[in-house]
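Colleague: Right, I'll just put the structure down here and ask away after.
The values are calculated or read from the model by the stated rules, or taken from the named source; none is laboratory data. All figures in this text were calculated on a predicted structure; none of them were measured in a lab. Virtual Cβ from ideal backbone geometry, glycine too; neighbours counted across all protein chains shown. Quick note on the areas: whole protein, heavy atoms, side chains included, nothing else; ligands and nucleic acids left out. Shrake-Rupley method; radii C 1.70, N 1.55, O 1.52, S 1.80 Å.
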Amino acid sequence: MLNDEPRPEDLPEPQPSPYAALPPELAPRSPSAPERPGPDGLMSGTLRKVVAAVAIIALLAATLLAVWGLFRSSEPVAGDAWSQTGSGAPATPIAPGAPAPTATAPSGPASTAPADTDYPAALAAYYTQQVNWTSCGDASDHECATIEVPVDYAKPGGDRFTLAVRKAPATDPGKRLGSLLVNPGGPGASGVQYAQLSSFAFTPELRAAYDIVGFDPRGIGQSSPVRCLSNADLDRLFSVDPTPDTPAERSTLLSESDRITTDCARRGGERARHLSTTEVARDMDILRVLVGDPKLNFFGGSYGTFLGAIYADTFPTKVGRMVLDSAMSPNQTEQQEMTYDIQGFESSIDAFISWCVARSDCALGPDKAAARGKIVALLDAVEKNGLTTGKPGLQRIGEGWVGFAIFMCLYSSQSWPTLNKGLAQAFTGRGDILLAKGMSVVERNTSGQYADSTYLQAMLPVRCADWPRTPATPALEAARAKAKAAHPLWARMTGELYDNCKAWPTAGRTPKGATLAVGAAPILVIGNERDPATPIGGTKQLASDLASGVLLTSDHDGHGTYFAGSDCVDAAVDAYLIEGKVPPDGDAC
C-alpha cells in the first residue's frame, strides 16, 4: 500500500540533496532504501516520475503563463550577465569561413557507419566540429562536452550558442547500438541532468545498449542561458491572483502581461527570439552527426515529445528509433488543448479523490461527491484570505502557490499523501506543506533564490516561438466561458486564459495542420490514461498525426509512462528500442 506520510522533501524544510540543482524528487534514493508500491500495486518512488518531475507542459504552462503579466522589469538589458556560455569541455571554436574540422566518432558498432554529409554546405563547420569529451568531474564514468550551434540558422556565420552535453556510456560495449538522445521536456528542463540520472530513468537493458546523451537546449540551463526574469519576478509569478473577478482586474492582468512579454524580449535580446523548438530540432541533428549516428535514436518525455515530432517532421529520413512519452501534437489547436486539459485534470483529480475518501484521515471527508466542491471552496477562501506559512518572504501565499502545488501533486500517485496532508493543513489556514512542494519543483530555496536551471526562465520565449497567436474571438471566448462554468475546479486551477505572447516581437510557429513526418520510420507514442499534464487525448492525437505513429497506452495515473511501474510498458519500449520490434498500433497495458 502507499506510504501514509508525505515524502520528506515535500515537507516544510526539505533535507539537503547531493543533487542540489535538481528538484528533490529527482535525487536518487539510497541503494538500501526500498521502493514503495503505489495504490495500484506497482512500484513507484523515485523511479516512478523522473520525466514528470522536470517537465511542466500543457495545462501547467497555461496556468503559470496566465499570471506572468504582473511582473515588472528592473534588470539590465541583455548582455554577458544575461547570456552566459555553458560549462564543460569546450568544442573547438569555429571561426567564420575557417575549414571544417573532423568530427570524432564514438566507439562501438555505430562508429563503422560512414560520416553523414547530408547537410547544407553553409552548416558544414557545425556538423564537422571537433567534440572534446572529458570526465564530468563527478563520481560517475560519464563524459561531458560542449558543441556550438548558430543562434540564427539563416545567419550561420553570426552569433552562436554553446550547448552543454552529457553522455552516460553504454554499460555493455559489446551490445552497444549507438546513442540515444534524450530530452525530459519543460520547456526548459535539463537534458544534462536527465542523462546524469539515466540509471533512474531507463532500464539496465536499455543502458547496456545505448550511450544516453542529454543536452541542455539552447538558452537553457548550462547552454548559454537566456534569463528574462529576476528572483523577485519569479516570486510574483506565484503571488498574483490568477483568477481576476472584475473587468478592471482582468484588464490590468492583460496589460501587465504585454509589458512583461516586451521586457523579456528586450532583456533576452536576439537570443531570446531564437529559442524555438524548431531550432532545437536542428541543433539535435547536428548533435546526432557529432556522436556518430547515421539516424537519430531519441527518447522524449512531455514537451520533449513536441521536440521529437518537430525533428521527425523536419528530418523524416533521419529518424531511427524514437519514443515519445506523455505526448502533445504540434498540430494541437487552442480548442483541443483546452479539451485535453479538462479531461486530463479531471481524470487525475478524480483518481486522487477516490484514493483519499477511502481513507479515515482524508482531508476532504468520506463523501466523494462533495470533495471537489470542498477544494473549490478552499481555493475561493485562499483567494480572499491567503494561507500563512513560516517561510521568510512568503509568510502569506495565495492561489498561485496553492493551485500550483495541488496540480504538481497530481503528477504522481506518490505525492497523493503530501496533497492530503497539505489540504488538511490548508483547511486550518496554513500552507507550509503545499508551499514546500511548490518550491521543490521550481527549485526555489528558503532565501528566495531560484536555481539557474529552473525551467521558468525558458517558458515564455519558447512558448511564444512554438505556438501561433490566439486572438480572443467571440467563439473562443464563449467556449472558454462554457468550459469554466461546466468545470469550476478546473477553472480555478487554470486561471485566466489569454494570449500572453501577443506582444512578443516575432511570430509564432504556424502549425502544419497535416500529417507529420511522412517517410519516417515507425515512431512509438506512449501515455497514461490519467495524466494531468499531457492528457491522453493529446498523446492519441500525436500518434494519429504522425504518418508512422504507433500508439501504446497504459491504464495508470500520473505523468510519465516508461520506467514508471508498468513492466508491460517497459518491455514494449525496450523491445522496440533494442530489437526494433514495433508493438501493434493501439496496444494497451
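Colleague: With N set to the number of residues, divide the alpha-carbon radius of gyration of segment 103-253 by 2.2 N^0.38 Å and report two decimals.
Modeller: On the way: Rg = 20.2 Å, N = 151, 2.2 N^0.38 = 14.8 Å.
Taking N as the residue count of segment 103-253, the ratio is 1.37.
Colleague: Could you give the dipole magnitude of segment 152-303 about its Cα centre, charging the beta-carbon of Lys and Arg +1 and that of Asp and Glu -1, in debye to the nearest 20?
Modeller: Numbers: 19 positive and 19 negative charges, 126 e Å.
The dipole magnitude comes to about 600 debye.
Colleague: I'd like to compare 240-246, 300-306, 179-185: which one has the highest average count of other Cβ atoms within 10 Å, and what's the full order after that? Don't jump to the answer; show the numbers that get you there.
Modeller: Numbers: 240-246: 17.0, 300-306: 31.4, 179-185: 29.0.
Ranked from most to least packed, the peptides come out as 300-306, 179-185, 240-246.
Colleague: How much length, in nm to one decimal, is gained on full extension between Asp567 and Phe200, taken as 0.36 nm per residue of separation minus their Cα-Cα distance? Display every interim value, and only then the final one.
Modeller: Numbers: separation 367, 0.36 × 367 = 132.12 nm, distance 1.52 nm.
Between Asp567 and Phe200, full extension yields an extra 130.6 nm.
Colleague: Express the Stokes-Einstein translational diffusion coefficient of segment 317-379 in µm² s⁻¹, to the nearest whole number, given a Kirkwood radius over alpha-carbon pairs, 25 °C and a viscosity of 0.890 mPa s.
Modeller: The calculation lands on 167 µm²/s.
Colleague: Please list 504-510, 140-146 highest first by mean number of surrounding beta-carbon atoms within 10 Å per residue. Walk me through the numbers before you get to the answer.
Modeller: Details: 504-510: 14.0, 140-146: 19.7.
Descending mean neighbour count gives 140-146, 504-510.
Colleague: Would you compute, for the Cα atoms of segment 202-341, the largest minus smallest coordinate along each principal axis and list the three values in descending order, in whole Å?
Modeller: So the extents along the principal axes, rounded to whole Å, are 57, 35, 30.
Colleague: Same structure again: Take Lys175 and Ala507, extend 7 Å from each Cα along the Cα→Cβ direction, and tell me the distance between the two endpoints in nm.
Modeller: According to this spin-label approximation, the distance is 5.0 nm.
Colleague: Counting only heavy atoms of protein chains, what accessible area per residue, in Å², does segment 434-589 have with a probe of 1.4 Å?
Modeller: On the way: 5380 Å² over 156 residues.
Each residue of segment 434-589 exposes 34 Å² on average to a 1.4 Å probe.
Colleague: Assuming R0 = 56 Å, can you tell me the calculated FRET efficiency for the pair Asp367 and Thr117, based on Cβ-Cβ distance, to the nearest 0.05?
Modeller: Working: r = 67 Å, r/R0 = 1.20.
It comes to 0.25.
Colleague: Here is a further query. Please give the peptides 186-194, 259-267 ranked by average Cβ packing (other Cβ atoms within 10 Å per residue), highest first, as a rough proxy for protection.
Modeller: Working: 186-194: 29.0, 259-267: 20.4.
Top to bottom by mean Cβ count within 10 Å: 186-194, 259-267.
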